[in-house]
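Values in this text are rule-based calculations from the coordinates and carry no lab data. Since we're looking at a predicted model, the values are computed, not measured. Cβ sites come from the backbone with ideal geometry, for glycine too, and all protein chains shown count toward neighbours.
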Amino acid sequence: MASSPRCARSSPRERGAARVSPLGRARSLAYASGSLAVDVVGPILAWIPYLYAPPADLPGAAALLPAASVGVLLFVGRFVDGFAEPIVGWASDRADTRWGRRLPFVLFGTPVLVASFLGLFFPPFGPGQSLATGVWLAVVNTIFWCAFTAVVAPYLALLPEIATTSEERTRVSTWMTAFSIVAIVGGNLVLGAVVAEFQGGRAWLGVHFDNGFEPQALGIAALAFFFFYLSVAFVRERPRADGDPPHLSLRAAVRESLRNPAFLPLVIPLSVFLIGVNVVVTAVPYLGRAVLHASEAEAGYGAAAVYVSAGLSLPLVGRATAHWGKKATYAGALLGISALFAAIPLVAVSPHPTATYLALMIALGLPVGALLVLGKVLIADVIDADYERTGLRREAMYFGMQGLMTKVSFGVGPLVATQLFDRFGNTAEHPLGILLCGPVAAALGVLGWLAFRRYPLP
């Protein structure tokens, strides 16, 4: 008896693997370098509240907006961008161009991303023009994050398509993590120091800058532009085959993503956890003067220490994953970070606050390294589970749906932190709003860990 067409053909995983040649070291490194472009913007973006709403006791500083208003306006951009994520993912999965499905988004979206990024750090309105500044921040921030999504979601969607085995994905993901660490460590090492050095404005290379954010934004924009293009310069996407299943409508694609039994148990815990992470990230710039009684430089050094430690921990992440499995290692990292967040108020009562702060940040490195590596691997596993179930290649749709939920978290975190600043204070005389960010983040992390226990894949 003749076999059915479904039984006669190879599995979706086998067909996908057969169409893509193994990645060589050079192509893998070039693709992974895109993570530097993704993450080089992160440290300075976390300081936007400090730029627009510096603490009242900062010498010579003038607030452009109240802290609570900055949090609300930043949330608007993230909220709008969250809904852009699945649309970009759906459009990328359906795209059919001579360059492929993903590459056009990176090629044409990068200039918009870079231009809007610069706009965030060169607001054209000064103190006393709150309405105009607020509109500028809301609009430019929204454009930036939508452009960021249009570039990064298709870039990340290439990973499960060009790396077809678990070993290859783990290797590329590890290199991506290494590039991310270089970007984040480098940014945090210089960010606070340059902000402190340029306090009140100064000239550099014959150009006057009003603050330390402006020269850094120019350099970061150049790096992002270069590495986004390098990351896709040598990528050859999987060719579309006649046997590929038809595309789904946007509504059907969203519905099918939510029906994947592994998807929501991964992204809901991550979204809750990321709210807490971004509460702490927003608080870090204010720690230097208000809690450590030092400068912005020390706050930046602590953030850099997290990722130096994370980089050194990467070999241990591989061993832990081999011994305990991906799910258990990821869950342990969630709990470890939550415990360390809860300890942040101890910095204020320590006789050596800077040393205590740096010790906490170094300890955070091990669980952070695990999350950085395994986050990409787990979502690739979820995509594979969908591919086996439906036969559809929908990498960008999954990254888009993940972004819909996590981008809102990135907006809620600063919103929560700035409300704490507004209610309880963010100055040396009244630092409680800064210190409360740690326990609030810890509680959210524990909730994320509890929810992740329902994740069904190993």
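Here are some notes:
- Mean Cβ neighbour count within 10 Å, used as a protection proxy, ranking 117-129, 280-292 highest first: 280-292, 117-129
- Annotation: extensible slack from residue 234 through residue 295 equals 17.7 nm (criterion: 0.36 nm per residue apart, minus Cα-Cα distance).
- A Förster radius of 51 Å combined with the Cβ-Cβ distance from residue 355 to residue 131 puts the calculated FRET efficiency at roughly 0.70.
- Label-zone membership for segment 263-282, site residue 457, 7 angstrom Cα→C-beta point, backbone N under 18 Å: 263-271
- Here the extension length gained between residue 166 and residue 390 equals 78.6 nm, from 0.36 nm per residue of separation less the Cα-Cα distance.
- For the chain, the relative contact order comes to 28 percent (Cα pairs under 8 Å, sequence separation of at least 6).
- Long-range HN-HN contacts of residue 99 with modeled amide H, under 5 Å: none
- Cα convex hull volume per residue for segment 58-190 (Å³): 140 Å³
- Gap separating the Cα centres of segment 297-350 and segment 261-282, nearest whole Å: 16 Å
- In this simple spin-label model, placing a label point 7 Å from the Cα along the Cα-to-Cβ direction at both residue 450 and residue 423 gives a separation of 2.0 nm.
- Given the alternatives (i) 43; (ii) 38; (iii) 34, percent of Cα pairs over 33 Å apart as computed for this entry is given by (iii).
- Positive-end residue of 351, 318, 37, charge dipole of the chain with Cβ unit charges: 318
- Helices of the chain meeting both criteria, an alpha-carbon length of 18 angstrom or more along the long axis and an average Kyte-Doolittle score not below 0.0, with helices taken as full DSSP H segments, are 67-94, 103-121, 130-157, 166-197, 213-233, 264-290, 296-324, 326-342, 353-390, 395-424, 437-452.
- Sorting 92-104, 333-345 by their mean Cβ neighbour count within 10 Å, with the most densely packed peptide first, gives 333-345, 92-104.
- Peptides ranked, highest mean first, by Cβ atoms within 10 Å: ranges 37-43, 225-231: 37-43, 225-231
- Only lysines eight or more places from residue 407 in sequence, or on another chain, were considered; those with a Cα closer than 21 Å are 376.
- Estimated purely from DSSP H runs of n ≥ 4, each contributing -39500 (n - 2.57), the mean residue ellipticity at 222 nm for the chain is -25000 deg cm²/dmol once divided by its residues.
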